[in-house]
Amino acid sequence: MKHPSFYSRSSLLVASLAIQLITVMASGGGGSSGVTSSSTVAALKNYNAMFTFGDSMDETGNICAASSNKTELDVLTCTRSPYGETYFGRPACRWCDGRVVVDFIAQALGLPFVPPSKAKGKDFRRGVSMAITGGTAMNFSFYKSLGIEDPVWNHGSLDTQIQWFKELMPSICGTERSCKGYLKESLFMFGGYGGNDYNVQLLELGLTPLQAMNYTPKIVTAIANGVEKLIALGAVHVVVPGIFPTGCLPIFLSLFGDATGETDFDGTGCLKPHNRLTEYHNSLLRKQVDALQRKHHNSTRIMYADYYSLVYQMVQEPEKFGEFPWYIFLV
């Protein structure tokens, strides 16, 4: 069985995802891929700021800023070469060889790169990232009740990141009243949450994909509740991405590829049971996003971004996305 070939979480991948997100915003949230014209991007350049939440896919440095000593920093591979080499020329505490998705989005919208919320002395009025490596939809107390103690899953859950944002709001936009107006013209990138929640279940707890599906409604509900909390704070434009095809990720192929039969692989060499889990998560999430949009249709624009389809297309036809091989590395 030929498995997908991956070599680095490359700027090529994240640039393609960024184009997908820009298309989603231009189309009002349909989530379908398409051509993004210069006029489309120009029409979107009217946000005050961009505020991002999530995990290592959108990390811009919180895990490094929050580390208290050199020993902790040395453990983080994103602080070493070749991370950052294709754009920054050095490691930039991003889990990519260059820019991450929100970097491309910021540039396309005429905004500065979003600094990490844990950075000292930064101006957050044009944007800030709460995203952090190991970020989960469920709170750590939930996983602790299941016997999980590894602190990597306690860096900053969805609720914790929202609390970080609330604490920064006075420095971003002042009073509650002025914040309502400011946040109304800002873009919120919320996730994609869920990937690490399934990492905990599949890798730490040893659950099967079918068993992990039992937790999917709770995970998706937590994400939807998080969107509601942002709306209550004043968010109007919110992008909610789905998650990648888990069965195509190298870590799962290497751990489970030899333990399954040929019938567990699809035509691309991805693990079908793991992708069914991802598809189930994304289908429930999209229903929740649609329900939220109906509920708040007079005041908000909640957009679902279909990461799954784009990444799966990359696995099927990598030659369409560039000359160099790539891989997805999930933290």
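The values are calculated or read from the model by the stated rules, or taken from the named source; none is laboratory data. All values reported here derive from a predicted model rather than from experimental measurement. Heads up, the Cβs are rebuilt from the backbone with ideal geometry, glycines too, and the neighbour counts pull from every protein chain shown.
Take the conditions buried (at least 18 other Cβ atoms within 10 Å of the Cβ), assigned to a helix (DSSP H, G or I) and touching a residue at least 60 places away in the same chain (Cβ under 8 Å) and apply them to residue 240. Does it pass? Steps first, please.
On the way: buried (at least 18 other Cβ atoms within 10 Å of the Cβ): yes; assigned to a helix (DSSP H, G or I): no; touching a residue at least 60 places away in the same chain (Cβ under 8 Å): yes.
When the stated conditions are applied, residue 240 does not pass them.
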May I ask you to list pairs of residues, at least six apart or on different chains, whose Cβ atoms are under 7 Å apart, with the first in region 75-93 being aromatic (Phe, Trp, Tyr) and the second being buried (at least 17 other Cβ atoms within 10 Å of the Cβ) and not in a loop (DSSP other than H, G, I, E, B)? 87/11
If we ask which residues in region 264-301 are among the polar types (S, T, N, Q) and under 24 Å from residue 250 (Cα atoms), their number turns out to be 5
Checking the structure you have, find out if any residue of region 250-262 is in contact with a Gly (Cβ under 7 Å, 6 or more places away or on another chain) and either at pLDDT below 95 or surrounded by 22 or more Cβ atoms within 10 Å (Cβ to Cβ) (or both). no
Of the residues in region 192-225 that are of a type in the set (Phe, Trp, Tyr) and more than 26 Å from residue 236 (Cβ to Cβ), the one that is surrounded by the fewest Cβ atoms within 10 Å (Cβ to Cβ) is 215
Pull up region 143-191, narrow it to residues that are touching a strand residue (DSSP E or B) at 6+ places or on another chain (Cβ under 7 Å) and in a loop (DSSP other than H, G, I, E, B), then point me to the one that is surrounded by the fewest Cβ atoms within 10 Å (Cβ to Cβ). 186
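Does residue 90 qualify as being surrounded by fewer than 21 Cβ atoms within 10 Å (Cβ to Cβ) and either among the acidic types (Asp, Glu) or over 26 Å from residue 180 (Cα atoms) (or both)? Give the derivation first.
Numbers: surrounded by fewer than 21 Cβ atoms within 10 Å (Cβ to Cβ): yes; either among the acidic types (Asp, Glu) or over 26 Å from residue 180 (Cα atoms) (or both): yes.
Against the criterion (surrounded by fewer than 21 Cβ atoms within 10 Å (Cβ to Cβ) and either among the acidic types (Asp, Glu) or over 26 Å from residue 180 (Cα atoms) (or both)), residue 90 qualifies.
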